[in-house]
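Here the structure is laid out as structure tokens; the discussion comes afterwards.
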Amino acid sequence: MRLEVVIRKLDQQGIPQDSIQKAIDMLYEGIGYSLISESTQLAIAELQDLENSMYEIYVGMVLPTLPIPATNGKEITLADSVDHRVSGPIVVYCYPQINGVKTSFPEVGKGEQQSCAFRDCFEEFKKLGITVYGLSTEDTEHQKDVVQRLALPFDLLSDSDPAAWSSVSNTLGLPTVQIDGKFFLEHMAFIVEKDKVVKIFDPVTVPEKNAEDVLAWFYNRRI
């Protein structure tokens, strides 16, 4: 369970911090309390429900305004639609790496296929007014080479340095795997409208079909 994400969502629901902490103590630390307030009981119930559903954890989450380095040389925030810098929905697909270090992670080589799929569907996303970003823990310079080599018509976002890692992946609770001391994002995608997550795709078991699945969700919603 991405506990940080659950705590963030409970906080957004107005549940007091002390009630959240008591609920965590009781559920995960084995600490008992003789008197349990109504808000603590609510926090316990929410934790138990959210623990069983990643969809519930993410959907409805209000995204923080955090700067993320992009391959266009600027810093963007996934809350850009709030101040109208991005007028429509934002799609962010996450991938481990593209032509990076060799690891035993079986899906580490699928980042290129996932990115090329979003490239090939880009005109469809553009027609729908959708902004596309790719996100990984690779550094920006490497990502710039990837954008050029694969002719990607959208920017890639870097979560590579400790500050960005703490601000983005940890804050959003994105699924990761650690190999040989290095963190990799797992394949997933999420959709942001205004300042909230409205849909997630997790797990993404066939990365090369991720773009088609995201497009299908938008078209089905319009029916």
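The values are calculated or read from the model by the stated rules, or taken from the named source; none is laboratory data. This one's a predicted model, so the numbers in the text were calculated from it and none came from an experiment. No Cβ is skipped: glycine too gets one built from the backbone with ideal geometry, and neighbour counts run over all protein chains shown.
Annotations for the structure displayed:
- Per-region count, the range 107-139, residues crowded, with 20+ Cβ neighbours inside 10 Å, part of a helix (DSSP H, G or I) and of a type in the set (S, T, N, Q): 2
- Given (1) charged (D, E, K, R); (2) surrounded by fewer than 17 Cβ atoms within 10 Å (Cβ to Cβ); (3) under 13 Å from the mean Cα position of the chain (by Cα), number of the condition K199 does not satisfy: (2)
- Residues of the range 2-9 include none that is under 19 Å from L172 (Cα atoms), assigned to a loop (DSSP other than H, G, I, E, B) and modelled with pLDDT of 75 or more.
- Conditions (1) modelled with pLDDT of 75 or more; (2) touching a His at 6+ places or on another chain (Cβ under 8 Å); number of the one not met by V91: (2)
This table checks each residue for (1) in contact with a Cys (Cβ under 8 Å, 6 or more places away or on another chain); (2) modelled with pLDDT of 85 or more; (3) of a type in the set (A, V, I, L, M).
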| position | (1), (2), (3) |
| --- | --- |
| E124 | no, yes, no |
| L156 | no, yes, yes |
| S166 | no, no, no |
| V177 | no, no, yes |
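- Test result for E38, among the acidic types (D, E) and modelled with pLDDT of 75 or more: yes
Table: residues versus (1) in contact (Cβ under 8 Å) with a residue 40 or more places away in the chain; (2) over 20 Å from I98 (Cα atoms); (3) outside the structural domain of G73 (by TED's automatic domain parsing).
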residue	(1), (2), (3)
G129	yes, yes, no
D145	no, no, no
N170	yes, yes, no
K182	yes, no, no
V198	yes, yes, no
P207	yes, no, no
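- Of the residues examined, K199 is one that is basic (K, R) and either outside any helix (DSSP H, G or I) or in contact with a His (Cβ under 8 Å, 6 or more places away or on another chain) (or both).
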